[in-house]
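J.: Let me begin by handing over the structure; questions about it come next.
The values are calculated or read from the model by the stated rules, or taken from the named source; none is laboratory data. Since we're looking at a predicted model, the values are computed, not measured. Every residue, glycine among them, receives a Cβ derived from its backbone with ideal geometry; neighbour counts consider all protein chains shown.
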Amino acid sequence: MKPTAPDLYASLRRVLDQAYEQASAGKGNERHANPDERFEDQPIIQIGLNLGSNHFEIGQAVKKAIESARLPPDRAVAELLGAINYLAAAVLVRSALVCEPAPDPRLRERERAR
């Protein structure tokens, strides 16, 4: 019997879930979020929107990926999960700036109001 798509991508889902957990309840939330502040209202998104590009988010992801190479395994994984979150932010910023269908349409609405 052929495995279903979710079974084939279960390892990817686990990593993405870990990145989500880090951003929403772990290091990302502790360092960067105000209580009840949406992801798209946090500096990880707002810096790129204010600069007019997603270069900041991409640069942060690259920095974290490079730093992960010199860290012990558990800290390296945490850095890489942070890089994933910065790349997710880059997707959201790019979508908002070019008014493509963003995963969250509120980003497009905010960008149009600028």
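J.: For the condition part of a helix (DSSP H, G or I) and surrounded by fewer than 17 Cβ atoms within 10 Å (Cβ to Cβ), what is the one hit in Gly59, Gly82, Gly48?
T.: After ruling out the rest, the residue left standing is Gly59.
J.: Check the stretch 20-40 and report whether any residue there is surrounded by 13 or more Cβ atoms within 10 Å (Cβ to Cβ), at pLDDT below 80 and aliphatic (A, V, I, L, M).
T.: yes
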